[in-house]
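> Okay, handing you the structure first.
The values are calculated or read from the model by the stated rules, or taken from the named source; none is laboratory data. Note that the coordinates shown come from a computational prediction; the quantities given were computed from them, not determined experimentally. Note that we place each Cβ from the backbone using ideal geometry, even for glycine, and neighbour counts take in every protein chain shown. What goes into the accessible areas is simple: the full protein's heavy atoms, side chains included, and nothing from ligands, DNA or RNA. Shrake-Rupley method; radii C 1.70, N 1.55, O 1.52, S 1.80 Å.
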Amino acid sequence: MDLSKFQWTREPERCRIQDGVVEVVTKPHTDLWQRTYYHFQNDNAPVWQMETEEQYFSFVVKTEFQESHHRFDQCGIVLYLDSENWLKGSIEYENDTYQHLGSVVTNQGYSDWATTEIDASVKSMWYRLSRREDDYRIECSEDGSSFHQMRICHMHHGKGRVRFGIYACSPEDSSFKAVFSHMQMMECQWKRHDGQQPD
């Protein structure tokens, strides 16, 4: 990918971009979340994205987070439209036993969070974000080859030009280095549905 097309929505504590690899050091007390259940609003996580009007595409990235060690430390894939409309997929550190592999979809100012527990020893994950007009799918993979669906969702403001990329944050009083590599934009890997036809 041409990484010169990417821009920071918010810059991290420190970052380095070299030979297709992006290293991000998070700031403490940074996060993305809107209202639901917790009632607070956090919108200060570093986000690095490019824009496209392409209606059908997939974006792949490998994440590594060996230094992730504190509750809620996270890094992953993101489609950030504005403070009240975005989606993300990541692993959130919980403790030395387990983490949360999950996704958050935020439409019109309200977030939801879908997760599954995975072992705390996992320190690398691939993600693939696919777009079909204003519908989106997030997948994950441990090897970058075999991807598994995490979420299908609709973005109410997800038509036309969108921005997508990567993010990393540390919601509590911590900081860690997240490493992103193998970024690719490609033909949409989310194929047209071949089952029940629309009404």
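> Taking all protein chains as present, what is the carbon and sulfur share of the accessible area of segment 81-199, in % to the nearest whole number, probe 1.4 Å? Provide the component values of the computation, followed by the final result.
Working: 2410 of 5750 Å².
It is 42 percent, rounded to a whole number.
> What does the extension gain come out to for ASP194 and ARG14, with contour length at 0.36 nm per residue minus their alpha carbon separation? Walk me through the numbers before you get to the answer.
Numbers: separation 180, 0.36 × 180 = 64.80 nm, distance 4.56 nm.
Full extension from ASP194 to ARG14 adds 60.2 nm.
> Please sort 27-37, 189-199, 83-93, 124-134 by packing, taking for each peptide the average over its residues of neighbouring beta carbons within 10 angstrom, highest first. Each step should come with its number before you reach the end.
Working: 27-37: 17.2, 189-199: 7.9, 83-93: 22.8, 124-134: 20.1.
Most protected by this proxy first, the peptides run 83-93, 124-134, 27-37, 189-199.
> Translational D (Stokes-Einstein, µm²/s) of segment 58-112 at 20 °C and 1.002 mPa s when Rh comes from the Kirkwood sum over C-alpha pairs? Numbers along the way, then the final one.
Numbers: Rh = 12.3 Å.
Calculated translational D: 175 µm²/s.
> Something else now. In percent, what relative contact order does the chain have, based on Cα pairs under 8 Å that are 6 or more apart in sequence?
Taking the mean separation of contacting Cα pairs over the length of the chain, I get 31 percent.
> So for the pair ARG132, ARG35, with labels modelled 7 Å out along Cα→Cβ, what separation do we get in nm?
Here the answer is 2.9 nm between the modelled labels.
> List every residue whose amide H lies under 5 Å from the amide H of ARG151, counting only residues 5 or more places away in sequence or on a different chain, with H placed 1.01 Å from N in the peptide plane.
The answer is ILE138.
> For SER111, which sequence-distant residues (separation of 5 or more, or a different chain) have an amide H within less than 5 Å of its own amide H, given hydrogens modelled in the peptide plane?
Correct list: GLN34, THR36.
> Kirkwood Rh, Cα Rg: Rg to Rh for the chain? Don't skip to the answer; put the middle values down first.
Values: Rg = 15.8 Å, Rh = 16.8 Å.
Ratio of gyration radius to Kirkwood radius for the chain: 0.94.
> Please list 3J(HN,Hα) in residue order for segment 29-38, calculated via the Karplus relation 6.51 cos²θ - 1.76 cosθ + 1.60 where θ = phi - 60°; whole Hz, with x for glycine and proline.
6, 10, 6, 10, 6, 10, 6, 3, 6, 7
> What nm value, rounded to one decimal, do you get for the distance between VAL122 and SER141 when each label is placed 7 Å out toward the C-beta?
Using points 7 Å along Cα→Cβ, the separation is 1.5 nm.
> Give the Kirkwood hydrodynamic radius (Å, one decimal) of segment 1-119, defined as one over the mean of 1/r across all pairs of different Cα atoms. Walk me through the intermediate numbers first.
Numbers: mean 1/r = 0.0648 Å⁻¹.
One over the average 1/r among Cα pairs gives 15.4 Å for segment 1-119.
> Please compute the contact order of segment 55-118 in relative form: average sequence separation of alpha-carbon pairs under 8 Å and at least six residues apart, divided by the residue count, as a percent. Working shown, then result.
On the way: 110 pairs, mean separation 15.2, N = 64.
After rounding, I find 24 percent.
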